[in-house]
1. Can you give me the number of residues within the stretch 425-440 that are surrounded by 24 or more Cβ atoms within 10 Å (Cβ to Cβ) and assigned to a helix (DSSP H, G or I)?
2. Kindly indicate whether residue 406 is in contact (Cβ under 8 Å) with a residue 60 or more places away in the chain, assigned to a loop (DSSP other than H, G, I, E, B) and surrounded by fewer than 24 Cβ atoms within 10 Å (Cβ to Cβ).
3. Any residue that is touching a strand residue (DSSP E or B) at 6+ places or on another chain (Cβ under 6 Å) and at pLDDT 75 or above - is there at least one of those in the stretch 71-92?
4. Inside the stretch 346-384, can you point out the residues that are within 18 Å of the chain's Cα centre (by Cα), free of Cβ contacts under 8 Å to residues at least 60 places away in the same chain and surrounded by fewer than 24 Cβ atoms within 10 Å (Cβ to Cβ)?
5. Only one of (1) part of a helix (DSSP H, G or I); (2) under 21 Å from residue 162 (Cβ atoms); (3) in contact (Cβ under 8 Å) with a residue 40 or more places away in the chain fails for residue 341. Which number is that?
6. (1) surrounded by fewer than 23 Cβ atoms within 10 Å (Cβ to Cβ); (2) farther than 23 Å from residue 429 by Cα; (3) modelled with pLDDT under 90: which one isn't true of residue 183, the others all being true?
7. Of the residues 218, 203, 173, only one is assigned to a loop (DSSP other than H, G, I, E, B) and surrounded by fewer than 24 Cβ atoms within 10 Å (Cβ to Cβ); which?
């Protein structure tokens, strides 16, 4: 069925390409300053498949949840194929002048999108599978103090193993700790704190910051410059969560007691304690995180680039980790491939259909009138909630730099100018923090939701989650703007 959807989508995309050829700028075909042929303009209507996919994710579960769960891959594959086919057929201008270069604009952009998706799913899926072989047991009662402590630890851990790693390691222990009192708001706040906002202190923490590091932002810059905003945001969210959790109250227990006290269930201790099992899983997680640095090292030392060696290494480690890990640990974690399958299939369509939306933004970003840290913060954030926050970060970073190419030298010069560090901080935090505004703003969001629902918890719909983020998260992010980026 998925293959059929892709074929239908490809045929529709080809028809559209032939019927509505790409609109080219006046000087299309001329060589620009970078030695490239001027890029074709991306028509705004080409963003319709992306909007349709977002609308389907938001509305279809309301219309027919059973139909959506059966056919969401068809939507992703079909709409993605429409966009890919249009790019391949309509954007057929050569990427570089001269007969030695054979890639067209469409081929180049779709290949780049495929490589980005491959790296994305290798990291997301690898961390998910490897973490399934690590069992974190949290003993104690799910009290407001215990839960807040666990979320604070998760916010710190996100900067070491990434928001994805911290999310998949801690979401199951967090839910087990609150058996009998677990509510959807627990998981929503977990997504806010651990899956997104917590990972703003290091380039490992969240993909946008890692892309900035690859472009030349110093590794320690995020910790040195973003910690006050991080502490403000995380502190407010943890305080909010503590009082929400107090309102939920303790777990409900039956009033009747068993006749024989010796047969009663052992009560969890009041004091919070943590134990960790799964040495092989921990080693695999370490290797997958190390894989993030393989491609940059190969590029810097050997000049090898454009080949996803690091991502392939991560996939190989994940496969090995799955087969060597203890089956008992996977069983205790209630491990299932469905969450990563849902994320992987949906994001095929999201990455493909998102390409023209990001291209349109890159081409028109200079006209947006962004002239202050505050406007960069909210502009980056507003799109990071509905587009993948990593490429959104790169596009607004380019807007901040203007026509200058982004590399280590230009980054150093940019940060040396007064006011520019605040602009970079605004773009960075807009991408990381606002990725929590919807389920699709950041990869771990959908995965945590899928894990929670696979355990039997009914999570809010797409719109239900958005309402909660508007009510609870947006005021916190606005306070961050008022303190650090206003004016």
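The values are calculated or read from the model by the stated rules, or taken from the named source; none is laboratory data. Nothing here was measured: the structure is a model prediction, and the numbers come from that model. Cβ sites come from the backbone with ideal geometry, for glycine too, and all protein chains shown count toward neighbours.
1. As a first pass, look at the stretch 425-440 and keep what is surrounded by 24 or more Cβ atoms within 10 Å (Cβ to Cβ): 426-437, 439-440.
When the remaining residues are screened for being assigned to a helix (DSSP H, G or I), the result is 426-434.
The number of residues fulfilling the criteria is 9.
2. Working: in contact (Cβ under 8 Å) with a residue 60 or more places away in the chain: yes; assigned to a loop (DSSP other than H, G, I, E, B): yes; surrounded by fewer than 24 Cβ atoms within 10 Å (Cβ to Cβ): yes.
Yes: the conditions hold for residue 406.
3. Filtering the stretch 71-92 for residues touching a strand residue (DSSP E or B) at 6+ places or on another chain (Cβ under 6 Å) gives 92.
Still in the running and at pLDDT 75 or above: 92.
Yes, some residue in the stretch 71-92 is touching a strand residue (DSSP E or B) at 6+ places or on another chain (Cβ under 6 Å) and at pLDDT 75 or above.
4. Correct list: 358, 379, 382, 383.
5. (3)
6. (3)
7. Values: 203 fails: surrounded by fewer than 24 Cβ atoms within 10 Å (Cβ to Cβ); 173 fails: assigned to a loop (DSSP other than H, G, I, E, B).
None of the other options fit; the residue is 218.
Listed here are the residues, each with its yes/no results for (1) over 25 Å from the mean Cα position of the chain (by Cα); (2) part of a helix (DSSP H, G or I); (3) closer than 19 Å to residue 165 by Cβ.
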{"site": "276", "(1), (2), (3)": "yes, no, yes"}
{"site": "280", "(1), (2), (3)": "yes, yes, yes"}
{"site": "283", "(1), (2), (3)": "no, yes, yes"}
{"site": "299", "(1), (2), (3)": "no, yes, no"}
{"site": "307", "(1), (2), (3)": "no, no, no"}
{"site": "311", "(1), (2), (3)": "no, yes, yes"}
{"site": "318", "(1), (2), (3)": "no, yes, yes"}
